[in-house]
Amino acid sequence: MTSALAGTLERARSTFDTISLGQKVVIGLLLAGLTLGGFFFYSWITTPTQAPLFSNLAASDASAIVEELNAQGVSYELADGGSTIMVAKDKVYDLRLAMSGKGLPAGQDTGYALLDKQGITTSEFQQQVTYQRALEGELANTLESLAGVNSAVVHVALPEDEVFVTDKAEPTASVLLDLTPGTALSGEQIQAVTNLVSSSIQDMDPDQVTVADATGQVLSSPGQGITAAAGDARSQVEQEYENRLAANAQKILDQVVGTGNAVVSVRADVDLNQRNTTTETYDFQEGTPPISEQTTTETYEGGGAPVGGILGPENMPDAAENAGGGESNYEKESTTANNAVGKTVEVTEGAPGALRRLTVSVVMDDAVAGNLNQQQMTDLMTNAVGLDQARGDEITVAAMPFDDAAAENAAAAMEAAREAEAAEQMWSMIRTGGIAAGIALVVLIVWLRSRRREDVEEDYEPLELDDDMLAELDRLRVASVRQEVPLTPSELELEAAERAKVRGEISTMVSERPDEVAAMLRGWLSETRS
């Protein structure tokens, strides 16, 4: 076994010695590339895929879980500032069961889970406090699910139910939000927080919710409402309106004076107040029969004049005789009719977004707009943005020389960056081409040397050896690949003399014709390998 291995190694060494230096370099590079690729492939295969074991952990729970993982010798990684623990994907479920058996993560009972721990001896006060804590916990968990909110604390003030109270107090709530660094809540998000809290508590108005962040900035407070949301809405509406009008005017200017030779600025004052108007109108048409009608008739007959007039001495009984007398007849008739009258009630709700005032400023480069008609340009801009002078809108059109220094510097910087990028691409191509040319040159050199060796071998003439020398060389070649048979001393002496004679002849031939001998030996080696 040892001799066979030694023979294999000897043949491999002989084969390696026969190849040229270029071929050795190429084989070495290929072996190095295969080794490096195999190493990276093995590393990629053996690296375990990470998956979250627990997320959104409290500091105490994360510390306890890390200690337990260290005790078990499990590798892990911390993410999200230590609130997430990553472990190998194939161990996630086993580790979760193991941690659950040890009571980890412990956490804190919040939300409606607090109501599960009430006993039969719980007082009404304890029930009320527990319900309030559960409600606060549920609201906090809901707010923490919002994007950009790390944690939330909610406090609710619920008024007590009393029987003999006319004015009932309203419930209020306060919210403290710990936001992710670099996160700022918009007005709509603040309004969403107030609506979520107020909608979860009976009889709570959104204006009774106070929202603040961890820096102490008040985002919403009672009495002020959600001013941030209103401000954002006003700014957004005004900006969209201004951009739309400015784009209409800029499009015309670019066609007239060229791109970059005019600037338009539009300022819109938008009324976002909402108004409701109720109007009642009554309409009566002649000939319409009344709904109801009542008639009253009075008749008086007597021997004297009826008493009437202004109260005074002349209307006393004796004065009636002096006033004259005679027979009297009095009749009175009155009619009351309830006519059918048409009633129209009109409720008008004014949508916010009405434009109060609009101001437009147009500046053109004097170099290209000096010969333009200013009044004509003013009329064009007026129609483009829809100005109403009766509303108090104003427009200003002016031609002034533009400062092109900033534009020239920006263009120069862009040109320099473009040239640097082109130079980098050129050097990258040169490096790539040089590497490719080097590889091609190495391959070409190896190929040329192989061709030259083949040409030399083809030019070699066969050696003219006698039969004794050929027989001795064949015997030496066969003896080199098989185990020698023990010989007697006389045979050894005779063989040594013959070998000395043949070696002398071979030495003479090698010194005189080395190329032919080398070609013949390579042929023998190739036959031996085959």
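Restricting attention to segment 339-394, which residues are outside any loop (DSSP other than H, G, I, E, B) and among the acidic types (Asp, Glu)?
Matches in segment 339-394: Glu346, Glu349, Asp365, Asp366, Asp379, Glu394.
As an exercise: evaluate Ile291 against (1) within 30 Å of Ile395 (Cβ to Cβ); (2) free of Cβ contacts under 8 Å to residues at least 60 places away in the same chain and give the number of the one condition it does not meet.
Against the list (1) within 30 Å of Ile395 (Cβ to Cβ); (2) free of Cβ contacts under 8 Å to residues at least 60 places away in the same chain, Ile291 comes up short only on (1).
With respect to Gly231, is the statement that it is under 30 Å from Pro181 (Cα atoms), part of a helix (DSSP H, G or I) and modelled with pLDDT under 75 true?
In short, yes.
Is it the case, given these coordinates, that Thr278 is at pLDDT below 85, part of a strand (DSSP E or B) and open to solvent by 60 Å² or more (accessible area, probe 1.4 Å)?
Numbers: at pLDDT below 85: no; part of a strand (DSSP E or B): yes; open to solvent by 60 Å² or more (accessible area, probe 1.4 Å): yes.
Considered against the rule, which asks whether it is at pLDDT below 85, part of a strand (DSSP E or B) and open to solvent by 60 Å² or more (accessible area, probe 1.4 Å), Thr278 comes out as no.
Take the residues of segment 201-216 that are open to solvent by 60 Å² or more (accessible area, probe 1.4 Å) and of a type in the set (Asp, Glu): which is nearest to the chain's Cα centre (by Cα)? Spell out how you get there, then give the answer.
As a first pass, look at segment 201-216 and keep what is open to solvent by 60 Å² or more (accessible area, probe 1.4 Å): 202-203, 205, 207, 214-215.
Next, only the ones that are of a type in the set (Asp, Glu) stay: 203, 205, 207.
Working: Asp203: 37, Asp205: 33, Asp207: 32 Å.
Going through the qualifying residues, I end up with Asp207.
I'd like to know if segment 64-72 contains one or more residues that are in a loop (DSSP other than H, G, I, E, B) and either under 24 Å from Glu138 (Cβ atoms) or open to solvent by 40 Å² or more (accessible area, probe 1.4 Å) (or both).
The answer is no; no qualifying residue exists.
Tell me yes or no: at least one residue of segment 292-310 is at pLDDT 70 or above and surrounded by 12 or more Cβ atoms within 10 Å (Cβ to Cβ).
The answer is no; no qualifying residue exists.
Using beta carbons and a limit of 6 Å, which pairs, at least six apart or on different chains, have the first residue in segment 178-189 and without any contact (Cβ under 8 Å) to a residue 40 or more places away in the chain and farther than 20 Å from Val237 by Cβ and the second one open to solvent by less than 80 Å² (accessible area, probe 1.4 Å) and not in a loop (DSSP other than H, G, I, E, B)?
Final answer for the pair search is Asp178/Ser151; Leu179/Asp213.
Does Ala51 satisfy the criteria of being part of a helix (DSSP H, G or I) and not charged (D, E, K, R)?
Working: part of a helix (DSSP H, G or I): no; not charged (D, E, K, R): yes.
Against the criterion (part of a helix (DSSP H, G or I) and not charged (D, E, K, R)), Ala51 does not qualify.
What residue, among those in segment 377-421 that are exposed (fewer than 10 other Cβ atoms within 10 Å of the Cβ) and more than 16 Å from Arg267 (Cα to Cα), is modelled with the lowest pLDDT?
Residue satisfying both the conditions and the ranking: Ala406.
Taking segment 93-103 as the search range and keeping residues that are modelled with pLDDT under 80 and either among the hydrophobic types (A, V, I, L, M, F, W, C) or not in a helix (DSSP H, G or I) (or both), which one is surrounded by the fewest Cβ atoms within 10 Å (Cβ to Cβ)?
Gly103
So how many residues does segment 104-122 have that are at pLDDT 75 or above and open to solvent by less than 40 Å² (accessible area, probe 1.4 Å)?
Summing the residues that are at pLDDT 75 or above and open to solvent by less than 40 Å² (accessible area, probe 1.4 Å) in segment 104-122 gives 1.
Filter segment 80-90 for residues that are outside any strand (DSSP E or B) and either hydrophobic (A, V, I, L, M, F, W, C) or within 9 Å of Leu53 (Cα to Cα) (or both) and give the result.
Scanning segment 80-90 gives a single hit, Lys89.
The values are calculated or read from the model by the stated rules, or taken from the named source; none is laboratory data. Bear in mind the structure is a predicted one, so any value in this text is a computation, not a measurement. Note that we place each Cβ from the backbone using ideal geometry, even for glycine, and neighbour counts take in every protein chain shown. When the accessible area is computed, the model is the full protein with side chains, heavy atoms only, and any ligands, DNA or RNA have been set aside. Shrake-Rupley method; radii C 1.70, N 1.55, O 1.52, S 1.80 Å.
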